[in-house]
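Okay, structure first, notes after.
Read-outs throughout are calculated quantities, based only on the coordinates presented, and are distinct from any laboratory measurement. Every value quoted in this text rests on a predicted model; they were computed, and no experiment measured them. Positions of Cβ are backbone-derived with ideal geometry, glycine not excepted, and every protein chain shown enters the neighbour counts.
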Amino acid sequence: MTIDKQKEAGKKNIKKAQRRRRETTPRKRALTQPGGRRQAKPGTKGEGGYFRIVVRTKDEFTTFRYQDVGEKGHILRLAGKRSNGSWDTQAWLLGKNDAHIKDSTLVADTNDAKRVIKALGSKPMHVKGDVFKAKDRRNIPESEKPTRLQRKARLKNIKKAQQARRTRTAQKG
């Protein structure tokens, strides 16, 4: 059984706690929490300069490195290194001048961005903020190699090397 004195003390304590909560800043309040405030994941706020297309999960990799593709600062490839030493693409970052969002899908505005989106195995689907998710291009089994395009590129490279050799011998003689 509670007596009137306890009820009054309880009401006072509640008012005191409410006043203290109003006076503290959100940052100070977050820091008093047991885990503190977590930092937002990249791209989830929608404030950055890039759209992120995640191709593989982060846990597959040990270290990461950004690589500029094409013009500087427009398209970036986030490459990850696996524990066995091989490198693979973890995500693509497209500059906000190179693409835009339309009906929760990413639409390319420049040729470079179109090339990146076309090379993906599926259309980028909106996840949150500036983050999209897509499948990587299809893995071609060794039994199907060399593909038609690989054969064509090889022939082109051979012709290029032969031409360079001819120009070198013509310059010497």
To test your reading of the geometry: what angle, between 0 and 90 degrees and rounded to tens, separates the Cα axis of helix 148-172 from the longest principal axis of the chain? 60 degrees
Work through the residues other than VAL107 whose Cβ is under 13 Å from its Cβ and net out their charges, Lys, Arg +1 and Asp, Glu -1. +2
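Sort 112-125, 87-100, 65-78, 153-166 by the packing proxy (mean of other Cβ within 10 Å over each peptide's residues), most packed first.
87-100, 112-125, 65-78, 153-166
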Principal-axis tilt of helix 4-23 within the chain, Cα atoms, nearest 10 degrees: 30 degrees
Which order do PHE61, PHE132, PHE51 fall in if you start with the one that has the fewest other Cβ atoms within 10 Å? PHE61, PHE51, PHE132
Give the distance, in whole Å, between the Cα centre of region 83-109 and the Cα centre of region 1-49. 38 Å
For region 102-146, max minus min Cα coordinate along each principal axis, in Å, sorted largest first? 40, 23, 13
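Step by step: find N for region 50-133, compute 2.2 N^0.38 Å, then divide the Cα radius of gyration by it. What's the final number?
1.07
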Only Lys, Arg (+1) and Asp, Glu (-1) charged, at Cβ; the chain dipole about Cα centre in debye: 280 debye
Value of Rg to Rh for the chain (Rh from inverse mean 1/r over Cα pairs, i.e. Kirkwood): 1.31
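For the chain, what is the relative contact order in percent, using Cα pairs closer than 8 Å and at least 6 residues apart in sequence?
In percent, rounded to a whole number, it is 17.
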Beta bridge orientation in region 50-133: antiparallel %, DSSP, nearest 5: 90 percent
